[in-house]
Amino acid sequence: MELNWLNVGKIVNTHGVRGEVRVVSKTDFPEERYKTGSVLYIFKHGQDKPLKVTVASHRQHKQFDLLTFEEVGSLNEAEQLKEAIIKVDKNHLSPLDEGEFYFHEIIGCDVYDEHKELIGRIKEILTPGANDVWVVERKGKKDALIPYIPSVVKTIDIPSKTIHIEMMEGLIDE
C-alpha cells in the first residue's frame with residue numbers, strides 16, 4: 001500500500017535541554033496534529049525510511065510549536081532531528097466538519113468568478129490572521145489574493161477541484 005504523506009512542519013532547532021524540538025508548522029490543525037499520543041513521521045535528509053514518533057507534549061512559544069516525542073529523550077537525540085520534515089499519513093486524517101477543508105484539498109483547485117470565467121488555480125494558502133488568503137496563479141498576470149470569507153467564496157467542490165467566488169470591487173488587480 002502506497003502511503004501518501006502530508007507535510008505538517010519542519011524541525012528548525014532544539015529548545016531547552018530535555019529533547020524538545022522547535023517546529024515551524026505547516027498544518028492547518030496544530031492542536032489536533034500535535035496532540036499527545038499523535039503519531040507523526042520524521043523524514044531526515046538523506047534517509048529513505050522515516051522515524052515514527054509519538055507526541056509526548058506540545059506547547060506554543062512565539063511563532064513556533066514546541067514538541068517532545070516519546071522516542072526522543074535527550075538534547076543529543078533532538079539535535080539529530082534538526083532540518084527534518086514532519087509528515088503525517090494522509091490515510092489517517094480525521095474527518096472534518098461540514099465547510100472545513102484540509103489545505104491539500106484546496107491547493108490545486110480552479111477558481112471561477114460569478115460569470116463562470118476561470119480566474120486561475122490555487123497554488124498556496126497564507127494564514128496571516130483573521131482569515132486564510134488563497135494565492136491564485138493566473139496565466140500572464142500577477143497572482144490574485146482571495147480572502148477565504150463567506151462574502152467572497154460561494155461554493156467549494158472538492159471532488160471536481162472547483163471553487164466559485166463572487167468578485168468584490170478591488171479584489172483582483174488586472
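What to note about this one:
- The stretch 57-89, residues that are in a loop (DSSP other than H, G, I, E, B) and out of contact with any Gly (no Cβ under 7 Å at 6 or more places or on another chain): Lys62, Gln63, Glu70, Glu71, Gln80, Leu81, Lys82, Glu83, Ala84
- The set of residues in the stretch 108-129 being part of a loop (DSSP other than H, G, I, E, B) and of a type in the set (Ser, Thr, Tyr) consists of Thr127 alone.
- Qualifying positions in the stretch 28-42 - surrounded by 18 or more Cβ atoms within 10 Å (Cβ to Cβ) and in a strand (DSSP E or B): Leu40, Tyr41, Ile42
The rows are residues; the columns are (1) under 23 Å from the mean Cα position of the chain (by Cα); (2) of a type in the set (Asp, Glu); (3) within 30 Å of Tyr34 (Cβ to Cβ); (4) not in a helix (DSSP H, G or I).
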| residue | (1), (2), (3), (4) |
| --- | --- |
| Asn91 | yes, no, yes, no |
| Leu96 | yes, no, yes, yes |
| Glu100 | yes, yes, yes, yes |
| Glu105 | yes, yes, yes, no |
| Asn131 | yes, no, yes, yes |
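- Candidates Val55, Val23 - the one that is surrounded by 13 or more Cβ atoms within 10 Å (Cβ to Cβ), free of Cβ contacts under 8 Å to residues at least 24 places away in the same chain and not basic (Lys, Arg): Val55
- In the stretch 76-83, the condition of being among the acidic types (Asp, Glu), without any contact (Cβ under 8 Å) to a residue 24 or more places away in the chain and loosely packed, with under 14 Cβ neighbours inside 10 Å is met by no residue.
- Taking the listed residues Ile106, Ile163, the one that is in contact (Cβ under 8 Å) with a residue 12 or more places away in the chain, within 25 Å of Pro30 (Cβ to Cβ), hydrophobic (A, V, I, L, M, F, W, C) and touching a helix residue (DSSP H, G or I) at 6+ places or on another chain (Cβ under 9 Å) is Ile163, with no other qualifying.
- His61 vs. criteria more than 26 Å from Asn13 (Cα to Cα) and loosely packed, with under 15 Cβ neighbours inside 10 Å: no
- Number of the exception - Ile119 against (1) under 15 Å from the mean Cα position of the chain (by Cα); (2) more than 22 Å from Val55 (Cα to Cα): (1)
- Scanning the stretch 148-170 for residues that are more than 15 Å from Val136 (Cα to Cα) and not in a loop (DSSP other than H, G, I, E, B) gives Lys154, Thr155, Asp157.
- Filter result for Leu145 (aliphatic (A, V, I, L, M), over 27 Å from Arg22 (Cα atoms) and out of contact with any strand residue (DSSP E or B) (no Cβ under 6 Å at 6 or more places or on another chain)): no
- Residue within the stretch 133-145 that is among the aliphatic types (A, V, I, L, M), part of a strand (DSSP E or B) and more than 26 Å from Trp5 (Cβ to Cβ) present: yes
Bear in mind that the values in this text are calculations on the coordinates, not laboratory data. If you're wondering where the values come from, they're calculated on a predicted model, not measured in any experiment. With ideal geometry, Cβ positions are generated from the backbone for all residues, glycine too; neighbour counts draw on all protein chains shown.
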